[in-house]
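Worksheet for the structure shown next.
Only the coordinates and a few stated rules stand behind these numbers; no lab work does. Being a predicted model, the structure only gives us computed values, none of them experimental. Neighbour counts are summed over all protein chains in view; Cβ atoms, including those assigned to glycine, are modelled from backbone coordinates with ideal geometry.
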Amino acid sequence: NAPATEVSKTSNGVRVASETAHGETATVGVWIDAGSRYETSKNNGAAHFLEHMAFKGTKNRTQQQLELEIENMGAHLNAYTSREQTVYYAKVFKNDVPKA
């Protein structure tokens, strides 16, 4: 029996879908309406390119620091791009959800 999905909205309009499960892990993700469907001949491949750039580091963390932080939590970080969306997600232990 699958848990019911609850959909709420933050004060800035971001929709949040949550499910309460009783396992030891959780998946936290962001689904963005950015895929090849929304691209033109001038920006073809942009969503997929940006998906890969997300794991190259940030202003505050290098790529290696990001990888170590995720590995030290025992987490799994991944992303994919489809025709409709670009998705970034982390599979973490339930106690690490706030960090994810």
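Within the stretch 33-70, the residues that satisfy the criterion of being over 25 Å from N95 (Cβ atoms), surrounded by fewer than 14 Cβ atoms within 10 Å (Cβ to Cβ) and within 18 Å of the chain's Cα centre (by Cα) are D33, F49, H52, M53, K56, Q63.
Scanning the stretch 79-100 for residues that are farther than 11 Å from V28 by Cα and without any contact (Cβ under 8 Å) to a residue 24 or more places away in the chain yields a total of 1. Count of the stretch 30-63 residues, restricted to those that are among the polar types (S, T, N, Q) and assigned to a loop (DSSP other than H, G, I, E, B), is 6.
T27 fulfils the conditions (1) in contact with a Lys or Arg (Cβ under 9 Å, 6 or more places away or on another chain); (2) farther than 18 Å from Y89 by Cβ; (3) not in a helix (DSSP H, G or I) except for a single criterion, (2).
Give the residue that is farthest from the chain's Cα centre (by Cα), with candidates limited to residues of the stretch 71-90 that are buried (at least 16 other Cβ atoms within 10 Å of the Cβ), part of a strand (DSSP E or B) and not hydrophobic (A, V, I, L, M, F, W, C). For the stretch 71-90, the residue satisfying everything is T81.
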